[in-house]
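In what follows, a single structure is set out as structure tokens and then discussed.
The values are calculated or read from the model by the stated rules, or taken from the named source; none is laboratory data. What you are looking at is a predicted structure, and each value in this text was computed from that prediction instead of being measured. Glycine also receives a Cβ, built like all others from the backbone with ideal geometry; neighbour counts cover every protein chain displayed.
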Amino acid sequence: MAVHRDASHSPSVLRIGMAAGVGTSLEFYDFAIYGTAAALVFGDVFFETGDAWFGTFMSLATFAIGFLMAPLGAALFGSIGDRRGRKVALFAAFVLMGVATLGMGLLPSYAAVGIAAPIMLILLRLCHGLARGGENAGAAVFAIEHAPANRRGLFGSFVAIGSPVGVILANVAFALVLLLPESSVTSWGWRIPFLVGGLVVVIGLWIRKGVTESPDFQAMAKADEAEQGPPRMPLREVLRTNWRRVALTAGVNIGLNASTFALATFMLSYATADAPEGLGLPRQPIVNGSLIALLCHALMNVASAWLSDRVGRKPVMITGAVLSLVSALAMFHITSSGTVTAVNTAVIIGFTVTGLLFGPMYTYFAELYPREQRQSGLGIGFHVGAVLGGGISPMIANRIISSTGDALNVGYYLAALLVVSLLCLFCLPETAPARLRRHLPAAPEPVPAVD
């Protein structure tokens, strides 16, 4: 059902972009600073196991826990968004994310309170994951439902670029922290990015306050009020009527999430860890290289989303998945020389090609579901794939190298998951309006009037 949008009362594209992107940026900022801290310092601060590499593994395991909670958050906030409003769900998820991040920055260390420290860290990480499940899906649906039909891909990219922007900000924050003496980083410096992330919530809430509920949801709410039927159960309905599409949505995201989080989190740990488990490279230039790579990822997100409005979602995403697969196989061949330049080159290539796959993804997933199920379907599918891909990929990559001693096997693991993404993409339909119009039957010629 098309929804008329009154231009005089519609928020500007800039305001929609900021409202959609600010929460996702904070979400990925929070997740990225956690992943960076897990790779660099949490093993020493919260997991004093006596084995440095195993301590890092345990901290990366808590990184995965956040992903495990995200599907539950998607179900919870998706149901709220589909029944009560996209904006209500977004506010709730955003506040929860910020409070959890601020709490992490205030946690005492293992040396101060013992086993209570990692327990509290895990509890806050669970809140992180719950909030993440509601934030990005809600923001994507919110942006797309404000968009003209021929620009939904572009509007969806406002949320997609929140990922690299958030990670860039996290890397900048840690790049500045790493300028401190190493003892200061471990004792108190790592807390600064978490405290800043918690305070950013105030700015995000102010930006989102000035944006109205999406036109599609307003129309749906009016229809529900007119019908006065029983309350809708979007979560139950999407799993009953669209479970195959939810499963395929998850499959598409498996390879992408595994690749991006291996690049963002595992590669940092692998590059800076001492041999034989890592390359023993200095932290600062690797973090700096990641900033360049993430900028390339952000630019490719926007470009591929814009292109998907013109040629279709599937051609763009399939191309991105194929190039990401090739990159996964080549990545550790490139890094085998053990230099900073080699690692940064591999990361830049990897992030650039995954941006081609990621740019149209939120829009594509949203278009796969009817508006009554949209936030639930997008959120559950996306985050189940994220758990099976990105949530465990840094931890599995850590164990692959620890057990085999050969980083090339990590590339094979990522490539296998990208094959899953490709197969699922082939099984799903095209959704872009521009592409669908080309396949509609031509309109009949008008019959000339007869005097």
- line: Counting only helices (runs of 4 or more DSSP H) wholly inside segment 146-245, the ones holding at least 1 residues that are free of Cβ contacts under 8 Å to residues at least 24 places away in the same chain and either closer than 21 Å to residue 86 by Cβ or within 23 Å of the chain's Cα centre (by Cα) (or both) are 191-209, 215-227, 234-241
task: Would you mind finding the one in 166, 204, 156 that is over 13 Å from residue 37 (Cβ atoms), small (Gly, Ala, Ser) and at pLDDT below 80?
output: 204
query: Looking only at segment 400-423, which residues are under 17 Å from residue 260 (Cβ atoms) and of a type in the set (A, V, I, L, M, F, W, C)?
result: 410, 414, 415, 416, 417, 418, 419, 420, 422
message: Which pairs turn up if I take residues in segment 308-324 that are closer than 16 Å to residue 428 by Cα and look for partners that are part of a helix (DSSP H, G or I) and acidic (Asp, Glu) with beta carbon separation below 8 Å, at least 6 apart in sequence or on another chain?
response: 313/367
message: Being of a type in the set (Gly, Ala, Ser) and either under 30 Å from residue 342 (Cβ atoms) or surrounded by fewer than 21 Cβ atoms within 10 Å (Cβ to Cβ) (or both) is the requirement here; does residue 271 meet it?
response: yes
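This table checks each residue for (1) within 29 Å of residue 247 (Cβ to Cβ); (2) at pLDDT 80 or above; (3) surrounded by 19 or more Cβ atoms within 10 Å (Cβ to Cβ).
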site	(1), (2), (3)
39	no, no, yes
64	yes, no, yes
73	yes, yes, yes
82	yes, yes, yes
89	yes, yes, yes
95	no, yes, no
111	no, yes, no
116	no, yes, no
127	yes, yes, yes
field: helices (runs of 4 or more DSSP H) contained entirely in segment 341-425, each with at least 2 residues that are among the small types (Gly, Ala, Ser)
entry: 374-386, 393-404
statement: The condition of being surrounded by 17 or more Cβ atoms within 10 Å (Cβ to Cβ) and more than 29 Å from residue 274 (Cα to Cα) holds, among 346, 321, only for 321
Test set (1) over 16 Å from the mean Cα position of the chain (by Cα); (2) surrounded by 23 or more Cβ atoms within 10 Å (Cβ to Cβ) - residue 297 fails condition number: (1)
Qualifying residue in segment 103-115 (condition: farther than 28 Å from residue 301 by Cβ, of a type outside the set (Gly, Ala, Ser) and part of a helix (DSSP H, G or I)): yes
task: Please determine, by comparing only the residues of segment 12-31 that are modelled with pLDDT under 75 and of a type in the set (A, V, I, L, M, F, W, C), which one is nearest to the chain's Cα centre (by Cα).
output: 31
message: I'd like the full set of residues that are assigned to a helix (DSSP H, G or I) and touching a Gly at 6+ places or on another chain (Cβ under 7 Å), limited to segment 272-292.
response: 272
field: Single condition residue 251 does not satisfy, out of (1) small (Gly, Ala, Ser); (2) assigned to a helix (DSSP H, G or I); (3) modelled with pLDDT under 90
entry: (3)
statement: Residues of segment 330-340 being part of a loop (DSSP other than H, G, I, E, B) and closer than 23 Å to residue 416 by Cβ, in sequence order, are 336
query: When residues of segment 300-314 are filtered for being under 18 Å from residue 21 (Cβ atoms) and surrounded by fewer than 19 Cβ atoms within 10 Å (Cβ to Cβ), how many remain?
result: 3
message: Condition first: under 25 Å from residue 426 (Cα atoms) and over 18 Å from the mean Cα position of the chain (by Cα). Now tell me which residues in segment 246-279 satisfy that.
response: none
query: Any residue at all in segment 204-216 that is surrounded by fewer than 20 Cβ atoms within 10 Å (Cβ to Cβ), in contact with a Leu (Cβ under 6 Å, 6 or more places away or on another chain) and more than 30 Å from residue 321 (Cβ to Cβ)?
result: no
